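Worksheet: the structure to be examined is printed underneath.
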Amino acid sequence: MEYNYYAEQRYMYAGYIEARILTVQEAEALGYEDGYVKHCEDHKIYVDGFNTEASARHHLESLEDCHIIV
């Protein structure tokens, strides 16, 4: 895997974002990689890779109506 952390962003069709930060091991177990996109029934998943947890968090905090799940 290319990055140490991954931001999983679930764009809910109801109009908000649910997101979480994953370690490289967690992302790999889910089959994620940088640029991963999947369409689901009630949401769309985007995954972006980051070198640090802080940069992933900063990205998620910059999104409008984003709920970061811990």
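Summary table below
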{"quantity": "When residues of the stretch 34-46 are limited to those that are surrounded by fewer than 12 Cβ atoms within 10 Å (Cβ to Cβ) and hydrophobic (A, V, I, L, M, F, W, C), the one nearest to residue 5 (Cα to Cα)", "calculated": "37"}
{"quantity": "Pick from the stretch 47-70, criterion open to solvent by 80 Å² or more (accessible area, probe 1.4 Å) and not in a loop (DSSP other than H, G, I, E, B), ranking: nearest to residue 15 (Cα to Cα)", "calculated": "67"}
{"quantity": "Complete set of residues in the stretch 1-28 that are touching a helix residue (DSSP H, G or I) at 6+ places or on another chain (Cβ under 9 Å), over 22 Å from residue 65 (Cα atoms) and among the hydrophobic types (A, V, I, L, M, F, W, C)", "calculated": "1"}
{"quantity": "Residues of the stretch 1-28 satisfying the condition of being outside any strand (DSSP E or B) and surrounded by 12 or more Cβ atoms within 10 Å (Cβ to Cβ)", "calculated": "1, 3, 4, 24, 26, 27, 28"}
{"quantity": "Qualifying position, being charged (D, E, K, R) and more than 12 Å from the chain's Cα centre (by Cα), among 41, 53, 33", "calculated": "41"}
{"quantity": "Condition met for residue 31 (at pLDDT 95 or above and either open to solvent by less than 40 Å² (accessible area, probe 1.4 Å) or in contact with a helix residue (DSSP H, G or I) (Cβ under 9 Å, 6 or more places away or on another chain) (or both))", "calculated": "no"}
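The values are calculated or read from the model by the stated rules, or taken from the named source; none is laboratory data. Predicted, not measured: the structure shown is a model, and the values here were computed from it. Because the Cβ atoms are built from the backbone with ideal geometry, glycine has one as well, and the counts that use them run over all protein chains shown. Side chains included, ligands, DNA and RNA excluded: accessible areas come from the protein's heavy atoms. Shrake-Rupley method; radii C 1.70, N 1.55, O 1.52, S 1.80 Å.
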